[in-house]
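A.B. asks: Before I ask anything, let me first share the structure, which is written out below as structure tokens.
Just so you know, all these numbers are worked out from the coordinates, no wet-lab data involved. Note that the coordinates shown come from a computational prediction; the quantities given were computed from them, not determined experimentally. Methodologically, a virtual Cβ is constructed for each residue, glycine included, from the backbone with ideal geometry; neighbour enumeration extends over all protein chains shown.
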Amino acid sequence: MKKYIVCIMLPLFFLSSCNNFLELSPEHQINENNFYKTEADFENALVGVYASFRGIYTHEIFYLVELTSDNTEVSISSSSVAEMEFDEINMTPSNTIVQGFWTKVLFTIARANILLERLEQASLSTVSKARIASEAKFIRAYSYFLMVQIFGRSPITYGEFRSPEDIADTDLSLKSSEEVYAQIIKDLKEAEELVVDDSQEDKGKVSLGAIQGLLGKVYLTRHQYADAIRTLGSLIEANTYSLEPNYKTLFSPGNNNTKESLFELKFISGFNQGNEYSVLFTPASTGLLANNQQGSGRITPSLDLMEAYEEGDARKQASIGDTIRPNGVKEYSRHGLKFVDLNAENPRDGSVNFTVLRYADVLLMYAEALNEDDDIDRAQTYLNMVRSRADLEKLEISDKEDMRESIAKERRLELAYEAHRWFDLLRTGKTQETMNAFFVGKGLNFTVQNHELLFPIPRREIDINPELGQNDGY
């Protein structure tokens, strides 16, 4: 079995072929001898880590976190089996999208591991080493955070694999959620200590605010409310970020480096470095995109989401639409608008950046933690900050459960289509209640079983390494 593990796992850690390990040695030696020597080498390697993380947000994450929720649905009859499994929350171990997510996340972790291990031996300045390590640890932590929320467990690896023997001798078994979260928090605390320059000029680079924002989210997910309050409160009190007055600006072309963005993924059209959102979120017909181009209809806003907005909510028009004009004739067709470039020459090569963490998310997380800590008045203050930007009246709430429901609703509408909804439902323990009611409302006889709160470990990975084991129920 070890021979098969070696053969499949090598591509994950940059050894390019399983046909003959002897053929790989020269390439490996070239990397060993000629790369990871100068600061420019490490900068290039760090770009690779960012690029791998960005790859997670090309399309898989939206199936896992939005299509499984009450926010969206598939609107075409030609959808794949894998897509329908998400729409019905009936994932199987052979789901190709789940497999793609697993591979991309672990590939990102592997790249970060290689960079961090080589960095320890590098002859770089102390400042450069600290900065690069801080950014790599943040991305590794975020990657593990995605893994543990989706699968409940994850392999934990640290070092570089220089030979098949290294891989065969390494423990690649799935670790418990407790172990994974301990690694995440350790990475983030170390990243926080290593921050050198926090100028906030380039939101595509990891900053102190991004680290604290993610750490606060991890604590909130763990229901460590005092830690979340301390971490998110420190971030807010620093007064580094603020809400962008025009909500639509956050998701339109030219949205890079807004004062609300904590961390964003850069997309550049024309260089095979663009995003696919203009296809993913728009209808499978003409009448919306430029030059009679059409989208795919694969992730469409649900009617339930459309009807959840209050009258006058400025976010609705910026987030979702319901009208297209094929051949100039008005036609009803729901579609997402966030991160979509309606005038793109190629809708699969969009230039709108994706914001992974932003200040409104921080304010709502802080409100949630305060409310769970029985500080309802302060929670209301931060909730209303977000509502005011949306041109909505301030709420006056004195009941803790009412506040919970209001914060959950506000998060849904504020962060729709931003890959948060499934995680929010999991964290608040509302997945089954919410989704079962959603299915009933659509006249569907679907229910979310307990085991479906976690996704299946991909079958291919278990075939390679049976010791991984499968999540219960699959």
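A.B. asks: Check each of the chymotrypsin sites (Phe, Trp or Tyr not before Pro) in region 267-346 and keep only those in coil by DSSP with at most 15 other C-beta atoms within 10 angstrom; list them in order. Provide the component values of the computation, followed by the final result.
C.D. replies: Details: sites: F267, F271, Y277, F281, Y309, Y332, F339; in loops: F267, F271, F281, Y309, F339.
Loop-located and lightly packed - F271.
A.B. asks: Per-residue counts of other Cβ atoms within 10 Å, averaged by peptide: what ranking do you get for 59-70, 124-135, highest first?
C.D. replies: 59-70, 124-135
A.B. asks: Could you pull out the pairs from K137/K186; K175/K205; K137/K189; K137/K205 whose alpha carbons sit more than 19 Å apart here? Numbers along the way, then the final one.
C.D. replies: Working: K137/K186 9 Å; K175/K205 29 Å; K137/K189 9 Å; K137/K205 12 Å.
Cα-Cα > 19 Å for K175/K205; rest within.
A.B. asks: Once the convex hull of the C-alpha atoms of region 391-447 is built, how many Å³ does it hold per residue, rounded to a whole number?
C.D. replies: On the way: hull volume 6.2 nm³, N = 57.
Hull volume normalised by residue count: 109 Å³.
A.B. asks: Also, I was wondering about something else. In what sequence, highest mean first, do 107-115, 172-180 appear when ranked by Cβ atoms within 10 angstrom?
C.D. replies: The densest-packed peptide leads the list: 107-115, 172-180.
A.B. asks: Using Cα pairs closer than 8 Å and at least 6 residues apart in sequence, work out the relative contact order for the chain, in percent.
C.D. replies: Computed value for the chain: 18 percent relative contact order.
A.B. asks: Oh, and also: What is the projected area of the convex hull of the Cα atoms of region 160-298, averaged over all directions, in nm²?
C.D. replies: Mean orientational projected area (region 160-298, Cα hull): 13.6 nm².
A.B. asks: Below 21 Å, Cα to Cα, which lysines can K338 reach? Residues fewer than 8 away in the same chain don't count.
C.D. replies: Cα-Cα hits under 21 Å: K203, K248, K259, K266, K316, K409.
A.B. asks: Next question, about the same structure. Given H placed on each backbone N at 1.01 Å, which residues far from V352 in sequence or on other chains put an amide H within less than 5 Å of it?
C.D. replies: The list, which skips near neighbours in sequence, is N275.
A.B. asks: What number does region 261-314 give for Rg over Rh if you use C-alpha atoms and the Kirkwood radius? Don't skip to the answer; put the middle values down first.
C.D. replies: Details: Rg = 14.8 Å, Rh = 13.7 Å.
Using Cα coordinates only, the ratio equals 1.08.
A.B. asks: Please compute the Cα-Cα pair-distance distribution of region 297-364 with 10 Å bins starting at 0, giving whole percents from short to long.
C.D. replies: 16, 41, 36, 7, 0
A.B. asks: Also: Compute the separation of the alpha-carbon centres of region 258-277 and region 199-246 and state it in Å as a whole number.
C.D. replies: 20
A.B. asks: Using only the Cα atoms of region 166-210, each taken as one equal point scatterer with no solvent, compute I(q) by the Debye sum, divide by I(0), and report log10 of the ratio at q = 0.18, 0.19 Å⁻¹.
C.D. replies: The Cα Debye sum returns log10 ratios of -0.70, -0.73.
A.B. asks: Moving on to the next point. What would the Debye equation give as log₁₀ I(q)/I(0) for the chain at q = 0.08, 0.10, 0.11 Å⁻¹, counting only Cα atoms as equal point scatterers?
C.D. replies: For the chain, the Cα-only Debye profile gives -0.48, -0.77, -0.94.
A.B. asks: Something else: S173 versus E401, label points 7 Å from Cα toward the beta carbon: distance in nm?
C.D. replies: 4.3
A.B. asks: Dividing the convex hull volume of the alpha carbon atoms of region 370-474 by its residue count, what do you get in Å³ per residue?
C.D. replies: Per residue, the Cα convex hull of region 370-474 comes to 155 Å³.
A.B. asks: If I take R0 = 22 Å and measure r between the Cβ atoms of D198 and R230 in this structure, what FRET efficiency does the formula 1/(1 + (r/R0)^6) give, to the nearest 0.05?
C.D. replies: Efficiency, rounded to the nearest 0.05: 0.75.
A.B. asks: Also, I was wondering about something else. In what sequence, highest mean first, do 370-377, 50-57, 348-355 appear when ranked by Cβ atoms within 10 angstrom?
C.D. replies: On the way: 370-377: 17.1, 50-57: 19.9, 348-355: 22.1.
Listed from highest to lowest mean packing, they are 348-355, 50-57, 370-377.
A.B. asks: A further question on this structure: In what order do W422, W102 fall by count of nearby beta-carbon atoms within 10 Å, going from fewest to most?
C.D. replies: Working: W422 25, W102 20.
If I rank by nearby Cβ atoms, fewest first, I get W102, W422.
A.B. asks: Where does the charge balance sit around S278 when Lys and Arg score +1, Asp and Glu -1, over other residues with C-beta under 14 Å from its C-beta? Can you show the working numbers first?
C.D. replies: On the way: positive: R298, K338, R348; negative: E276, D341, E345, D349.
Value of the local net charge: -1.
A.B. asks: Which helices pass in the chain if a helix is a full DSSP H run, must span at least 27 angstrom along its long axis by Cα, and must have mean Kyte-Doolittle hydropathy not below 0.5?
C.D. replies: 96-120, 126-151
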